[in-house]
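Beneath this line is the structure, given in structure tokens, with notes to follow.
The values are calculated or read from the model by the stated rules, or taken from the named source; none is laboratory data. Remember, it's a predicted structure, so these values are computed and weren't measured experimentally. Note that we place each Cβ from the backbone using ideal geometry, even for glycine, and neighbour counts take in every protein chain shown. Accessible surface is based on the protein model in full, side chains and every heavy atom, while ligands, DNA and RNA are left aside. Shrake-Rupley method; radii C 1.70, N 1.55, O 1.52, S 1.80 Å.
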Amino acid sequence: MPGLPELHISRRAFIAGALATAGALLAKRPDSVGEPLALPGESDTRIEALTYKIRYLTEFYTADQAVRVWIPLPAVDPNQEITNLAIESRYPYTVNRASDNSAVYIEADGTQKGTCASVRFTMRRKTTRITEAKDIDVARYLKLSEWEKWDEAIVKFIDMVVGGETDPVRIGKRIYDAVVAHTAYVHQVCSRGVSVLAFEDKSGRSDDFHAMFRTMLVYKAIPVKWEQGVLLPYHPTLNKKGTVEADCINSHSWLRFYAGGKTIPVDLAEGKRWPGLREFCFGGLTANRIKFSTGRGLTLNPPQSEILNTFSYTHAEADGVPMTYGHNYRTFIKYELLRKEV
Amino acid sequence: MTVRLYITALLLLLSIFIAVPAYAVSMKEGQAFPVFTMADENDKMVDVGQLIDRPTIVYFTHNSCHYCTQVIALLKRAEAKFGAKTIGIIGINVMAKDGKMVRRYKRDLGFQFPMFAGNREDVLSTYKINYVPVLVFIDSEKRVKKIIGHYIHEDELHGYIREVIK
């Protein structure tokens with residue numbers, strides 16, 4: 001973007017990004033040597049909807065006392081139709097529905113190793129595009145979470161990027177382009193999504209890209225909604241069946257901002273990772289994702305022991321203390337692609 | 001009048017020092033490792049600086065990070081291989097606000113090296129921890145030799161340990 005200063009990425013961020021990118025590319029390398037890598041791009045943007053059969057599993061690896069578990073239920077909205085929802089649990093449970101963050105809640109005096117619960121559903125997820133913003137109370141999306149703050153450096157950056165532009169859609173596009181250019185994508189870390197730290201380090205994952213973007217737009221009084229879920233494989237690498245771990249590594253966020261009577265979806269992280277999606281991800285979201293939660297700084301029903309940053313995978317506590325993911329429990333999404341609409 | 005001016009100037013000067021938060025100092029390679037008094041698994045406040053009396057690894061982690069639990073296994077093996085008197089290991093759990101979560105983490109993963117509750121604004125701002133895992137290698141002069149902000153392989157870990165203990 002003209003007018004932007006030269007971008008200096010920290011050595012730590014550069015090395016981390018380079019190592020991780022190399023690792024990710026190697027991991028995606030097809031078996032046949034010499035075959036070009038098939039990267040997400042136009043073929044994904046031509047998809048209108050994907051229909052999956054999903055089984056969301058929460059597995060215990062240890063036995064514990066006084067366990068409480070919150071399992072996120074998939075959101076239902078115009079982009080995500082959920083049918084055939086069925087819950088199986090080894091322990092008594094309740095379904096606590098809410099306008100944004102619904103959950104299966106389990107409370108057990110003692111738990112055993114093995115499957116704790118399984119949530120099955122069929123999801124038809126549509127490609128998200130710009131729509132009319134009707135009957136939406138956008139004022140609540142002007143409130144920032146504890147992880148989204150601006151400092152002097154961010155304000156200076158916003159002023160420089162936005163300049164004299166007053167149209168909120170064009171402000172959004174300028175900031176989208178600038179944050180994507182400014183920030184290196186880092187794989188294989190669990191991020192807190194702190195806008196000030198991500199901006200300073202010039203690196204991060206989806207929560208960092210989106211914490212920065214949301215902070216900057218709200219600074220310009222443009223409402224932005226935070227959505228969270230898990231990304232499934234893209235078209236070039238999509239098998240009919242597969243398993244994705246639902247954890248902090250695979251947790252994925254995206255945003256919608258409200259401007260000029262429109263709802264404009266953005267996914268800066270995927271726009272950064274895949275050059276073929278960079279333009280599409282301003283105003284579009286690919287269909288290969290499950291939305292579980294909305295907002296940040298969440299208190300569930302009943303309240304958990306500490307505020308949750310987001311809620312895209314199972315939260316479990318024993319004796320009122322969050323359990324250790326990977327040691328005490330893990331969560332998996334088993335998917336089967338039923339239909340692809342192009 | 002002169003005395004009042006002097007006292008005012010002195011108070012202003014003092015206020016500058018008092019007003020500067022601890023996290024005005026940050027963590028950078030080549031510089032002294034900033035330290036805090038932090039709560040251990042029994043909620044006992046410990047001056048972490050007192051523990052850095054030899055080359056040390058400070059490991060930032062939290063309960064939701066699966067990769068991080070794998071790094072704990074590497075650190076336990078490194079401690080056994082190099083010896084606790086040669087390389088110190090200190091954990092900081094950035095999700096823990098008090099000793100409860102640290103206690104559970106230590107018990108679950110079965111390690112003996114100290115770990116502290118690091119979910120504090122001053123701690124997170126000073127160390128600039130936005131994601132985990134982060135490993136900080138500190139030399140015998142208590143200077144930050146290397147910061148690694150991603151998953152680490154065992155041979156790479158041992159290489160950095162050899163660098164700080166030589």
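Working note: Karplus 6.51/-1.76/1.60 with θ = phi - 60° gives the range A:99-110 the couplings 5, 10, 10, 8, 8, 8, 10, 10, 10, 9, 6, x Hz, where Gly and Pro are set to x.
Simple spin-label estimate for B:Q112 and B:R162 gives 2.6 nm between the two label positions (7 Å along the Cα-to-Cβ direction from each Cα). The heavy atoms of A:C248 present about 20 square angstrom of accessible area, all protein chains included, probe 1.4 Å.
Using only Cα atoms, locate the centre of the range B:129-150 and the centre of the range A:57-116, then give the distance between them in Å, rounded to an integer. Each part's Cα centre sits 38 Å from the other's. Placing +1 on the Cβ of every Lys and Arg and -1 on the Cβ of every Asp and Glu, with no other charges, gives the range A:128-294 a dipole of roughly 480 debye about its Cα centre. Across the range B:61-70, coupling constants 3J(HN,Hα) worked out from phi with the 6.51/-1.76/1.60 Karplus curve, θ = phi - 60°, read 8, 7, 5, 8, 9, 5, 3, 5, 5, 5 Hz, and Gly and Pro carry x.
Compare the Cα positions of A:F282, A:V218, A:V186 along the charge dipole of chain A (+1 at Cβ of Lys, Arg; -1 at Cβ of Asp, Glu; about the Cα centre) and return the one farthest towards the positive end. Most positive-ward Cα: A:F282.
Placing A:L197, A:L217 in order of accessible area, with the largest value first and a 1.4 Å probe, yields A:L197, A:L217. For chain A, with all protein chains in place and a probe radius of 1.4 Å, 51% of the accessible heavy-atom surface sits on carbon or sulfur. With the highest mean first, a sort of the peptides A:100-108, A:200-208 on other beta-carbon atoms found within 10 angstrom per residue produces A:200-208, A:100-108. Chains A and B together bury roughly 2800 Å² of accessible area, counting both sides, with a 1.4 Å probe on protein heavy atoms only. Whole-Hz Karplus values for the range B:114-131 come out as x, 9, 10, 7, x, 7, 9, 4, 5, 5, 5, 6, 5, 7, 6, 8, 9, 9 Hz, taken residue by residue from phi with 6.51 cos²θ - 1.76 cosθ + 1.60 and θ = phi - 60°; glycine and proline positions read x.
For A:K262, the residues whose amide H sits under 5 Å from its own are A:A133, ignoring neighbours fewer than 5 places away on the same chain, with H placed 1.01 Å from N. The charge dipole of the range B:56-166, taken about its Cα centre with unit charges on the Cβ of Lys, Arg, Asp and Glu (plus for the first two, minus for the last two), comes to roughly 300 debye. Peptide packing: for A:237-245, A:308-316, A:168-176, the average count of neighbouring Cβ atoms within 10 Å per residue gives the ranking A:308-316, A:168-176, A:237-245, highest mean first. Report, in deg cm²/dmol and to the nearest 500, the calculated mean residue ellipticity at 222 nm for chain A, where each DSSP H run with n ≥ 4 adds -39500 (n - 2.57) and the sum is divided by the residue count. After summing the helix terms and dividing by the residues of chain A, the value is -6500 deg cm²/dmol. The dipole here belongs to the protein assembly as shown: it is taken about the Cα centre, uses +1 on the Cβ of Lys and Arg and -1 on the Cβ of Asp and Glu, and is about 500 debye. By the Kirkwood approach, averaging reciprocal distances over each pair of separate Cα atoms, the protein assembly as shown gets a hydrodynamic radius of 24.3 Å. Estimated at 0.36 nm per residue, the fully extended path between A:D319 and A:K334 surpasses their Cα-Cα distance by 2.4 nm. In this structure chain A gives 42 Å² per residue of accessible area when probed at 1.4 Å with all protein chains present. Sorting A:W274, A:W150 by solvent-accessible area of protein heavy atoms yields A:W150, A:W274, largest first, with a 1.4 Å probe. Taken residue by residue and averaged, Cβ atoms of other chains lying within 10 Å of the Cβ of A:155-168 number 0.
Cross-link check: pairs A:K53/A:K272; A:K156/A:K225; A:K149/B:K100; A:K241/A:K291 evaluated at a Cα-Cα cut-off of 21 Å; pairs beyond the cut-off: A:K53/A:K272; A:K156/A:K225; A:K149/B:K100. Panel note: contact residues of the range B:46-68 (accessible area lowered by at least 30 Å² against the chain on its own; 1.4 Å probe) correspond to B:N63, B:S64, B:H66, B:Y67. Label point of A:A221 set 7 angstrom out along Cα-Cβ; within the range A:121-146, amide nitrogens under 17 Å from it belong to A:138-144. Amide H contacts of A:Y329 (H built 1.01 Å from N, in plane; Pro and chain starts excluded): A:Y61 sit under 5 Å, all sequence-distant by 5 or more or on other chains.
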